[in-house]
Amino acid sequence: MTTRTSAPALPDRLSIDPRSPHHVAAVFEQDIGIRLNDKERFDVEEYCISEGWVKVPAGKTLDRKGKPLLITLKGKVEAFYK
């Protein structure tokens, strides 16, 4: 069994993009799970718990810089360590 005493608290808003001001590298040292409306999502790029949204890629569509085009889905957001 592993103990998670060293895991930092999950922030209200988090992004996987290292250039984002909402990116916290220490959080990504462990596996994170995201639930939207009680269904676990595996494709979340960014989330905000207090505002109740997640950003996910819109298929294989890319923006002009070559990054995935993101759409916002709204609902009840929960973040947890796996």
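Rule-based calculations on the coordinates, nothing more; no lab input. Note that the coordinates shown come from a computational prediction; the quantities given were computed from them, not determined experimentally. We place every Cβ from the backbone using ideal geometry, glycine too, and count neighbours over all the protein chains shown.
Apply the Kirkwood formula to the range 13-81: the hydrodynamic radius equals the inverse of the mean of 1/r over all pairs of different alpha-carbon atoms; give it in Å with one decimal.
12.6
Subtract the Cα-Cα distance of R19 and K82 from 0.36 nm times their separation in residues, and report this length gain in nm to one decimal.
Between R19 and K82, full extension yields an extra 20.2 nm.
For the residues R13, R64, what sequence is obtained by ranking on other C-beta atoms within 10 Å, fewest first?
R64, R13
May I ask you to derive the relative contact order of the chain, considering only C-alpha pairs under 8 Å and at least 6 residues apart, and to give it as an integer percent?
Relative contact order of the chain: 29 percent.
Looking at the range 1-73, which chymotrypsin sites (Phe, Trp or Tyr not before Pro) are in a loop (DSSP not H, G, I, E or B) and have at most 11 other Cβ atoms within 10 Å?
F42
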